[in-house]
């Protein structure tokens, strides 16, 4: 807009206050901000886009294990859980990189079990075979691993040094593999429903920093059980 | 706005609070219930998902819920977050405080084992000289147990010895599988009573305050409930010095509010009720609040295999079923290694075995898992923890929770009595398993940290002497006749039994007494 036109427009507004007021009275609803109000439109019939887990599609770089620890751990994964009976092994399930992420996000004590354990295992291998653990054949690796395997009960893994690492890593490798997409895909291929599933609880009215303030519109009065008569169970006593 | 004064303020909505609400409202008393968390709606808040769609493939989210061994990534959001509501302890004395603040509390998630305490617990001191007797006996509580068992549809058989009193059960008469029969025969030298399990069946698959108690209270029209109300402090009338309501903070908005009531009933769960009393500086003329924290030892046990059921030969005749072995030590004879005793949960199972039962990996482990599939026989321990003055909680003056409420410092540890009990339980279990011809695959005699059983009781013990106890035999404060604590805090001894039935019966009994006293204008 040219400056001249702008001035003219301002002046004309100044000259027509009565006309503007008259228009407001005749049509009190303000014009909508857009053709459709912002959040209306999504409804139960809206198709949901189909998405898949990034796991199994995207690649990641190891961020916790050093390159030699990762080589040792990859060999350990392949040894402890190779592909068996049409099921993927730990390597096919991307377990080494997943556990790099999980352990790297974990408290220090757990990190130490892994980094200390992997360094120890590689050192044992170099002492005994003059080779890194990653290059051992199955017989050689077995001789290093087998003496440390224990049987144990839930929540009570071995506390003895080295045995703790071997047994905890063994369980983690199995769980990470058997909860992977590759494992489920193998199940589906064999005609099974997905087997890794469970009932997942989302955060329930979460009270997290940032969310608290925006949640104040929630009514503080909530009935323990809805008051509608048909939803209250009635049992014979 | 005029402030409403309710007849009774109930803090907590689990088994204890739900029972108080049901009993009081059915007697025409107006109740206000506050619960610190939201209502859980399984249709809205939960859905079936494959593990790989979750950020941590089903592993417990790292660093979260370190002391909730029961948590996984699937259920992590139902427990109280340890950073939101912290508690403190010395590293040498870990405590697993497992909490749920959803409406209905821990009654939404429990194992359903349903036992009465016996006079071996109520009158423990009279029996063996240790600790204190309760001011009540089984006779006092039996009529209430019966009504609770009816409401919760407890299934069981009338096969209990005196230390596991029989009750008002939905009859079960499971035919023992051969593996359990072999266990029974092998256990004879120990004078064990091997009994049918006792479980609350509830209704429609749930045995909770939200479906068995609160609907009855709602139906009277006399219950008002507020969710997300985190109670900060019980308030006291300046003139009478009696409790008259509470201050609470809205969990989400942080808005400070208060309510008024003639009577305050605490049912927030043992340690939360105690924390609230300590933070309110109330009812503690005895100095006993916080002391005598007890629970049960969990974790020790053995996992066995029944050889005849291996290699695909497991049948329903041979495998399956569950039994409870009530405490058998220190009943008719005196055992020299420890006081009191433990129960054994016995389970014969046709399913898969856990890989940790084999010192093998790869193809060899796979072959073992196939061979042993269907042959599992589990024996796990529930042992009594003795009441000790020094096992206590207090307010931590340095730390507050997300709503600026001072947190608890917990100082409790097991002693030789508990460790010896765990050791004995595992030795006995192994010996019986051997004699039954089972192979013991794995065993553990180290108890989980205190608190793990989620059976924490005590810290506001009941008694006849106001100098040595916090509550009288009606769960009523010695100091304030309009203050009641109806959860597990009133326990004088823990027993080996899961405490739920006793909490429910005590809450029912206390609530009827309260209604009666209010009716007589004594409260």
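Laid out as a table, the results:
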read-out	value
Taking only Cα atoms of the range B:83-166, radius of gyration then Dmax in Å	17.4, 46
Rounded to 10°, Cα long-axis angle of helix B:270-280 versus longest principal axis of chain B	30 degrees
For the range B:113-235, alpha-carbon Rg and Dmax in angstrom	19.3, 60
Percent antiparallel among DSSP beta bridges (both partners in the protein assembly as shown, rounded to 5)	75 percent
Virtual spin-label span in nm between residue A:127 and residue A:34, 7 Å along Cα→Cβ	6.7 nm
Taking the convex hull of Cα positions in chain B, its mean projected area over all directions (nm²)	25.2 nm²
Quotient of C-alpha Rg and 2.2 N^0.38 Å, computed over the range B:208-361	1.70
Paired Rg and Dmax values of the protein assembly as shown, which use every Cα atom, in angstrom	30.1, 110
Along principal axes, Cα extents of the range B:318-372, largest first, whole Å	50, 25, 12
Helix axis angle, B:500-519 relative to chain B longest principal axis, alpha carbon, degrees	20 degrees
Residue-averaged [θ]222 nm for chain B, counting only DSSP H segments that reach four residues, each worth -39500 (n - 2.57)	-7000 deg cm²/dmol
Kirkwood Rh, angstrom, the range A:67-183 [1 / mean 1/r, Cα pairs]	14.4 Å
On Cα atoms only, tilt of B:15-26 relative to the major axis of chain B in degrees	50 degrees
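No value in this document is a laboratory result; all are computed from the given coordinates. Quantities reported herein were computed from a predicted structural model and do not represent experimental measurements. Positions of Cβ are generated from backbone atoms using ideal geometry, with glycine treated the same way; all protein chains shown enter the neighbour counts.
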